[in-house]
Amino acid sequence: MKMKSYTEIVVRYAETDQMGVVHHAVYPVWFEAARTDFSAKMGITYPQMEEMGIMLPVVELQVHYLGSARYGETVQVETCVQRLTSARVEFAYRVLDQQQRVITTGKTVHAWVGKDMRPMGLRKHFPQIYEKMLEAMEPESQQPGK
């Protein structure tokens with residue numbers, strides 16, 4: 001079940017700067033919304049994982065700005081799992097404008113930790129979730145930015 005998810009976002013006025021362009025700090029917020037949507041489409045929501053005692057803090061964030069979006073436009077955030085280990089998961093993103101041009105790419109890396117914020121081996125402690133993530137992972141040639 002290799003998958004990419006697409007999350008539509010309508011640019012709000014509050015997300016733009018004085019020039020009417022989406023502020024650079026907004027893209028990581030969009031990544032979070034898209035990652036949450038991806039997880040739900042995969043079959044397990046973030047709240048469900050948290051109820052199970054699984055937390056996913058961000059340990060790395062990269063954003064590459066190639067273009068811009070403006071107030072009132074609708075963008076799509078394409079999301080996929082780029083890498084997965086028992087200790088970490090890496091998501092890749094592409095933000096597409098209304099003409100389907102890539103305006104931003106990025107990635108986030110997350111550690112699998114328990115509620116105590118100590119690292120956990122996902123494969124060992126929650127093999128069903130590890131398998132779902134593994135099944136959802138895109139082949140390298142199909143990942144955003146490749």
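Observations on the model:
- Candidate set from region 13-26 (those that are without any contact (Cβ under 8 Å) to a residue 12 or more places away in the chain and not small (Gly, Ala, Ser)); member that is farthest from VAL102 (Cα to Cα): GLN18
- GLU15 vs. criteria surrounded by 15 or more Cβ atoms within 10 Å (Cβ to Cβ), acidic (Asp, Glu) and closer than 30 Å to PHE126 by Cα: no
- Residue within region 113-126 that is modelled with pLDDT under 95 and under 30 Å from TYR13 (Cα atoms) present: no
- Scan of region 9-24 for residues that are over 15 Å from VAL95 (Cβ atoms) and not in a loop (DSSP other than H, G, I, E, B), ordered by number: TYR13, ALA14
- Residues (more than 18 Å from GLY67 (Cα to Cα) and among the basic types (Lys, Arg)) located in region 1-39: LYS2, LYS4, ARG35
Here's the yes/no breakdown for (1) among the aliphatic types (A, V, I, L, M); (2) more than 25 Å from VAL11 (Cα to Cα); (3) surrounded by 19 or more Cβ atoms within 10 Å (Cβ to Cβ); (4) at pLDDT 95 or above:
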{"position": "GLU73", "(1), (2), (3), (4)": "no, no, no, yes"}
{"position": "THR79", "(1), (2), (3), (4)": "no, no, yes, yes"}
{"position": "PHE91", "(1), (2), (3), (4)": "no, no, yes, yes"}
{"position": "VAL95", "(1), (2), (3), (4)": "yes, no, yes, yes"}
{"position": "ARG101", "(1), (2), (3), (4)": "no, no, no, yes"}
{"position": "THR104", "(1), (2), (3), (4)": "no, no, yes, yes"}
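- Subset tally (residues that are surrounded by fewer than 18 Cβ atoms within 10 Å (Cβ to Cβ), touching a strand residue (DSSP E or B) at 6+ places or on another chain (Cβ under 9 Å) and among the small types (Gly, Ala, Ser)) for region 106-121: 1
Results for (1) within 15 Å of PHE38 (Cβ to Cβ); (2) surrounded by 18 or more Cβ atoms within 10 Å (Cβ to Cβ); (3) at pLDDT 95 or above; (4) not acidic (Asp, Glu), shown as yes or no for each residue.
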| site | (1), (2), (3), (4) |
| --- | --- |
| ARG88 | no, no, yes, yes |
| GLU131 | no, no, no, no |
| LEU134 | yes, no, no, yes |
| LYS146 | no, no, no, yes |
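- Only one of the numbered conditions (1) over 19 Å from MET120 (Cβ atoms); (2) in contact with a helix residue (DSSP H, G or I) (Cβ under 9 Å, 6 or more places away or on another chain); (3) not aromatic (Phe, Trp, Tyr) is violated by ALA87, and that is (1).
- From the list VAL59, VAL29, VAL10, the one residue that fits, being modelled with pLDDT of 95 or more, surrounded by fewer than 16 Cβ atoms within 10 Å (Cβ to Cβ) and under 19 Å from ARG101 (Cα atoms), is VAL10.
The values are calculated or read from the model by the stated rules, or taken from the named source; none is laboratory data. What you see is a predicted model, and the numbers here were worked out from it, not measured in a lab. Quick reminder, even Gly has a Cβ in these numbers, built from the backbone with ideal geometry, and neighbours come from all protein chains shown.
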